[in-house]
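First the structure, in the form of C-alpha cells, and then the observations on it.
Nothing in this text is a laboratory measurement; each read-out follows from the coordinates by a stated rule. None of these values were measured; they are calculated from a predicted model. Backbone-built Cβ (ideal geometry, glycine too); neighbour counts: all protein chains shown.
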Amino acid sequence: MSQPSEECIEDAIRHMHERAFRRLFHRYQGTEQPKRCPLCGRYGKDIFKRRKNTEYNDEESNWVTGCGECYQAMEDYYTELWAEYYASVL
Ligand SMILES: [Zn+2]
C-alpha cells in the first residue's frame, strides 16, 4: 500500500553502482599485457573479463571481455536499463 520513497530507489541505484565500481577496481588489479579488445578492436592494457551489471541465470552471460571504455559504455547502458526497470516496478 505504501509507495517506496524516491530515496529508496536512489539507495538501490547507489548500491548497484558501488557494486559495479568495486568489481571494476578488482579487475584493474590484473596483469598489464597489451591485449586487443574484442568489442572495439583496439589494443589496450585495460582489457579484462568483467562482471556485467546483469543477473542472467546463465552466469557466463553476466561476464564480458573488453576494454574499460567498452565496459563503461555497457555499464552505463545497463544502469539505464535497471533505472527504467526500477521505475517501472516501484
Ligand atoms: Zn573496447
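If one takes the longest principal axis of the Cα atoms in the chain, at what angle in degrees, from 0 to 90 and to the nearest 10, does the Cα axis of helix 68-89 lie?
With both axes taken from Cα atoms, the answer is about 10 degrees.
Helix-only mean residue ellipticity at 222 nm, the chain, DSSP H runs n ≥ 4 weighted -39,500 (n - 2.57), per residue, nearest 500. What is it?
-17000 deg cm²/dmol
Report, to the nearest 10°, how far helix 6-27 tilts away from the longest principal axis of the Cα atoms in the chain, using its own Cα long axis and a range of 0 to 90°.
Here the helix axis deviates by roughly 20 degrees.
Could you work out the per residue convex hull volume over the alpha carbons of the range 31-90, in cubic angstrom?
Enclosed volume per residue, from the Cα hull, is 79 Å³.
What FRET efficiency comes out for the pair E7/N62, r = Cβ-Cβ distance, R0 = 22 Å, nearest 0.05?
With R0 = 22 Å, the Cβ-Cβ based efficiency is 0.20.
Quick one: if you stick a label point 7 Å off each Cα along the C-beta vector at A87 and F21, how many nm between them?
That separation, rounded to one decimal, is 2.3 nm.
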